[in-house]
1. If you scan the stretch 105-123, which residues turn out to be touching a strand residue (DSSP E or B) at 6+ places or on another chain (Cβ under 7 Å) and either crowded, with 18+ Cβ neighbours inside 10 Å or modelled with pLDDT under 85 (or both)?
2. For I109, only one of the following conditions fails: (1) within 20 Å of R42 (Cα to Cα); (2) in a loop (DSSP other than H, G, I, E, B); (3) β-branched (V, I, T). What is its number?
3. Quick one: how many residues across the stretch 46-78 are part of a strand (DSSP E or B), at pLDDT 85 or above and surrounded by 12 or more Cβ atoms within 10 Å (Cβ to Cβ)?
4. Do we have Q119 as closer than 16 Å to I43 by Cβ, over 20 Å from the mean Cα position of the chain (by Cα) and in a helix (DSSP H, G or I) here?
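The values are calculated or read from the model by the stated rules, or taken from the named source; none is laboratory data. Small disclaimer: the values here were computed from a predicted structure and weren't measured. Neighbour counts are summed over all protein chains in view; Cβ atoms, including those assigned to glycine, are modelled from backbone coordinates with ideal geometry.
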Amino acid sequence: MPIRSKLKSTELDMTPMIDVVFLLMVFFTLVLNFAAADQNERIKLPVSELAQPPELPPTEPITLHVLDDGNVIYNGKEHSLQELQEPLDHQSRFLKHMNIPADKVTVIIRADARGASGQVLNVIELCRSLQLTRFVLRTKQEKD
């Protein structure tokens, strides 16, 4: 008489665990990409003792990175000041089409500390010509 094992084979179903791992990977990938969208490694922010953290996140932000040579990075592409007018005008018209008032749009300017302040003023004047009037200038807090 053959001896039969009374142990049942136990198999572990890994499908739910793999699904959870993939969902977590997708979640963290999206979160990290959104956080990196407002940063650019070519910009070295100026240091200011008056810098304060923002009170509220800006509504409908438009982030402009002003390089030390006067060019501006917008939506991941580098533009000269003249070339920047077309994409900003397009964005302004799109927001107007979506019934978002101009006073709800905040232009975040991250200017390189090595650049001239006149370059930032030129960017602000361009934005004002497109009826964008709310601005935030990014700096680093001075550490004690």
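1. In the first step, residues of the stretch 105-123 are kept if they are touching a strand residue (DSSP E or B) at 6+ places or on another chain (Cβ under 7 Å); the result is 105-112, 115, 119-120, 123.
Correct list: V105, T106, V107, I109, R110, A111, D112, G115, Q119, V120, V123.
2. It fails just one condition, (2).
3. Going through the stretch 46-78 one residue at a time, the tally reaches 9.
4. Numbers: closer than 16 Å to I43 by Cβ: yes; over 20 Å from the mean Cα position of the chain (by Cα): yes; in a helix (DSSP H, G or I): yes.
Yes.
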